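Asker: Starting off with a structure, shown below.
A short reminder: the numbers here are calculations on the coordinates, not readings from a lab. Predicted model, so just to flag it, every value in this text is computed and none were measured. Note that each Cβ is placed from the backbone with ideal geometry, even for glycine, and that neighbours are counted across all protein chains shown.
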Protein chains: 4
Amino acid sequence: MSFKLAPDWDVSEWLNTPAPLTLQELRGRVVLVEAFQMLCPGCVGEALPQAKRVASTFDDQDVAVIGLHTVFEHHAAQGGRDALAAFLHEYGITFPVGIDRVSTQLLPITMAAYKMQGTPTQILIDRNGYLRKQQFGSCEDLKLGAEIMALMRE
Amino acid sequence: MSFKLAPDWDVSEWLNTPAPLTLQELRGRVVLVEAFQMLCPGCVGEALPQAKRVASTFDDQDVAVIGLHTVFEHHAAQGGRDALAAFLHEYGITFPVGIDRVSTQLLPITMAAYKMQGTPTQILIDRNGYLRKQQFGSCEDLKLGAEIMALMRE
Amino acid sequence: MSFKLAPDWDVSEWLNTPAPLTLQELRGRVVLVEAFQMLCPGCVGEALPQAKRVASTFDDQDVAVIGLHTVFEHHAAQGGRDALAAFLHEYGITFPVGIDRVSTQLLPITMAAYKMQGTPTQILIDRNGYLRKQQFGSCEDLKLGAEIMALMRE
Amino acid sequence: MSFKLAPDWDVSEWLNTPAPLTLQELRGRVVLVEAFQMLCPGCVGEALPQAKRVASTFDDQDVAVIGLHTVFEHHAAQGGRDALAAFLHEYGITFPVGIDRVSTQLLPITMAAYKMQGTPTQILIDRNGYLRKQQFGSCEDLKLGAEIMALMRE
């Protein structure tokens, strides 16, 4: 098998982190990116709670959990930084979340670069920056735990 | 026991209804009012799904289910009509929802009139307009089903 | 509508009650009968937990919750009083449970008299002993709460 | 760290397998042993469903899932082979299950050899037969998935 490097993300603003994060800086760690929208029921009910479980199960130095707010609909409602900050606060989400940069196209830039089909999308990037998993929708905890550990042990 | 008439609500805008609704018009029906905020996890995860179950279990002519968006925090994020409309669309909420009127005080006007302590708050009003239940937080389905039927059979 | 009187049950042994119970003695109360088998997953996972919720939600003088062990398969495993007693103890079931009397036919006697299709079966009997509901499988709590209260208020 | 070899199990009868299984034969595979009793609510509601998920998530050649029926109470009810066979059939458990051999002591022999505290107990044995985890009670899927994969990748 050969894998491709995960595209860099293009984030206009970051929350829950003192400084912007790049994939380059996260080399050495497994990275779970959870692409979501704050008004997406499947994100709120399943994907984000699972991402929180990942963040509390694994050591931050082994697995970096990153939220990516990929707004492609309801921009007025969920496009702003304040709305997202309120959402993260209320839902107790403390891992870093980047706002995917709006483009002139329908999809924001990172979402388009990864050719995501919608939200939630779950992405796993290995310690060397290669894209190892990209899944639209949800995944069972047992399987995700195994996938993350497999990348940790490479 | 004696009960007091439920205070009228003061709603600045309505969604999911062609015309404003008054308590007066709903006389003859049991009314379930679910006061919520769109960024309140207990509302999104428990109270609103329960209100949807009530709306699908009982005949609309017996039980009117009404959402009341009582925004008292994060006004920038959840205070607008568009944000709420997007939320209702995404979560498949089709019963009428009123936006509680903002006041110069912390709490919006209806929320203050009912002395609600927060969101979610569940309110039951009987066929004659009397306030029969007001509970901050959640309630088990079995109990709520019985409470509603008790009011229907009066 | 006209209803028929609920057939008497034919119980060979009772648990969780100092003396045998008859439907006649329960007149004046709404009766929920939950017919189950201790090795039936739908009974253990759904019907019996729901019956426990009914028993804890309603006053015992209003609603009598009765379990009926209608063994029609795996007799060696679940046919004995000791096995059932152990099961009730482990699952914290404290309402009265009768063992439906074995017959020379496939189904035990009460199960046959009610023409039940399998387990779990949920039965509601009104204050006057009339059979008001018989459902194979499960029912939502909201609906069951309403059904019970409707019978209480007759 | 040093680990000790997992004690051999002492099983009086096997179900769901054409021939008895020994730990020795399972060398090369990660082994999940779920010690349970068929009338233990935590086993039926959590541990066994999780073991089924493990069996369906991982390849049988990588991970062997084994049930161990460690009866230490209610012997009359759950001590027999027929009762267990009925239980496994009803709950759709298809992985091999051994009946821990009764001894003159309170605990059956394997349960005593492992010094288990009760049921459910979850045991992980690595490819070389070393005991790597023994936990009384339950564990989150995410963590278990990672633990299994960590042993698979050694």
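Asker: Pick from segment A:21-40 the residues that are without any contact (Cβ under 8 Å) to a residue 40 or more places away in the chain and surrounded by fewer than 15 Cβ atoms within 10 Å (Cβ to Cβ): which of them is nearest to the chain's Cα centre (by Cα)?
Answerer: Ranking the candidates gives A:THR22 first.
Asker: Considering only residues that are surrounded by fewer than 22 Cβ atoms within 10 Å (Cβ to Cβ) and more than 23 Å from C:GLY45 (Cβ to Cβ), look in segment D:65-79 and name the one that is farthest from the chain's Cα centre (by Cα).
Answerer: Restricting to residues being surrounded by fewer than 22 Cβ atoms within 10 Å (Cβ to Cβ) and more than 23 Å from C:GLY45 (Cβ to Cβ), the top hit is D:ALA76.
Asker: Here's a follow-up. So for segment D:126-148 (the condition being in contact with a helix residue (DSSP H, G or I) (Cβ under 8 Å, 6 or more places away or on another chain), away from chain A (no Cβ under 14 Å) and either part of a helix (DSSP H, G or I) or crowded, with 21+ Cβ neighbours inside 10 Å (or both)), does at least one residue qualify?
Answerer: no
Asker: Just for segment D:112-125: of the residues that are surrounded by fewer than 19 Cβ atoms within 10 Å (Cβ to Cβ) and more than 13 Å from D:ALA47 (Cα to Cα), which one is farthest from the other protein chains (Cβ to nearest Cβ)?
Answerer: D:ALA113
Asker: Filter segment B:107-125 down to residues that are in contact (Cβ under 8 Å) with a residue 40 or more places away in the chain and outside any loop (DSSP other than H, G, I, E, B), then give me how many there are.
Answerer: Adding up the residues that qualify gives 9.
Asker: When segment D:91-106 is examined, which residues are found to be assigned to a loop (DSSP other than H, G, I, E, B), away from every other protein chain (no Cβ under 14 Å) and either more than 21 Å from D:PRO20 (Cβ to Cβ) or of a type in the set (Asp, Glu) (or both)?
Answerer: If the condition is that a residue be assigned to a loop (DSSP other than H, G, I, E, B), away from every other protein chain (no Cβ under 14 Å) and either more than 21 Å from D:PRO20 (Cβ to Cβ) or of a type in the set (Asp, Glu) (or both), then D:THR104, D:GLN105, D:LEU106 are the ones that fit.
Asker: Within segment B:9-19, track down each residue that is surrounded by fewer than 18 Cβ atoms within 10 Å (Cβ to Cβ) and in contact (Cβ under 8 Å) with a residue 40 or more places away in the chain.
Answerer: B:ASP10, B:SER12, B:GLU13, B:TRP14, B:ASN16, B:THR17, listed by residue number.
Asker: Then there's this: For segment C:126-154, which residues satisfy the criterion of being of a type in the set (Gly, Ala, Ser), in contact (Cβ under 8 Å) with a residue 24 or more places away in the chain and under 17 Å from B:ALA150 (Cβ atoms)?
Answerer: C:GLY145
Asker: I would also like to ask the following. Which ones in segment B:1-43 are polar (S, T, N, Q) and touching a Phe, Trp or Tyr at 6+ places or on another chain (Cβ under 7 Å)?
Answerer: Scanning segment B:1-43 gives a single hit, B:ASN16.
Asker: Might you let me know whether segment A:81-98 holds any residue that is of a type in the set (Val, Ile, Thr) and farther than 14 Å from A:VAL11 by Cβ?
Answerer: yes
Asker: Can you pull out every residue in segment C:43-56 that is surrounded by fewer than 17 Cβ atoms within 10 Å (Cβ to Cβ) and either β-branched (Val, Ile, Thr) or farther than 12 Å from C:GLY92 by Cβ (or both)?
Answerer: Those that are surrounded by fewer than 17 Cβ atoms within 10 Å (Cβ to Cβ) and either β-branched (Val, Ile, Thr) or farther than 12 Å from C:GLY92 by Cβ (or both): C:GLY45, C:GLU46.
Asker: Can C:ALA83 be described as among the small types (Gly, Ala, Ser) and under 26 Å from D:VAL44 (Cα atoms)?
Answerer: yes
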